[in-house]
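Read-outs throughout are calculated quantities, based only on the coordinates presented, and are distinct from any laboratory measurement. Computed from a predicted structure; not experimentally measured. Using ideal geometry, Cβ is built from the backbone for each residue, glycine included, and neighbour counts are taken over all protein chains shown.
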Amino acid sequence: QSFNGNALGPPNTDLNFGTWNVQTLYKPGALDNLIHEAKRYNLDIIAIQETRWTGAGNLDKEGYKFIYGGSEEHAFGTGFLVKQCFENSIKDIKFVNNRISYLKLKGRFKPIYLINIHAPTEDKSPEIKDDFYETLDQTLDSLTSYSIKILLGDMNAKLGHE
């Protein structure tokens, strides 16, 4: 989809986005590899799962801004890798928990929410799964109804026999 005007990124640009469960960025060179792949596939925004970085923050590197949020231990965590030319379009970011976050972008006519999720696997306890989906429902309900909502992430779907 093209976003014209001065709302989202440079005028008359397409927004190319993707999602990637990196399994960890907690090793040397992992963020460099992520940026290399973003450039290779010409992605403007990537929703990242399993960053395994603690706390929340952001950093600028090679024309991208990496915005992340995680727990106190090196487990789970989500983030967004955003091309810096789209940085001014970011109106809000929220890390709901270590599995759900969202980025609010200023669209031409209405806000655009990119919701980043990392769903629990089927082998997790029913309580963990129920809590995740309840939090996801509450998060989606809290976003303005007239906005565009795009759900990205690792849904942990399994194919084949059990």
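Computed values, structure above
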read-out	value
Tilt relative to the chain, helix 30-40 - C-alpha long axis, 0 to 90 degrees, to 10	50
Rel. contact order, % - alpha carbon contacts under 8 angstrom, at least six apart, region 2-154	20
Relative exposure of R40, R108, judged by other C-beta atoms within 10 Å (fewest first)	R40, R108
Cα gyration tensor shape of region 28-104, rounded if a/c is under 1.5, else prolate or oblate by comparing a/b with b/c	oblate
Label selected from (i) 52, 18, 15; (ii) 26, 20, 14; (iii) 26, 16, 14, the criterion being semi-axes √(5λ) of the Cα gyration tensor in Å as computed here	(ii)
Violating pairs (Cα-Cα greater than 22 angstrom) within the set K83/K129; K39/K91; K65/K94; K27/K65; K27/K94	K83/K129; K39/K91; K27/K94
With Cα atoms, 0 to 90° folded angle of helix 126-142 axis to the chain main axis	20
Estimated 222 nm signal from helices in the chain, with DSSP H stretches of n ≥ 4 weighted -39500 (n - 2.57), rounded to 500	-5500 deg cm²/dmol
Spatially proximal aspartates and glutamates relative to K106 (Cα-Cα < 13 Å; intrachain offsets below 8 disregarded)	E87, D92
Exposure proxy ranking, count of Cβ atoms within 10 Å, fewest first, for V22, V82	V22, V82
Fewest-first sequence of L25, L103 by Cβ atoms within 10 Å of each Cβ	L25, L103
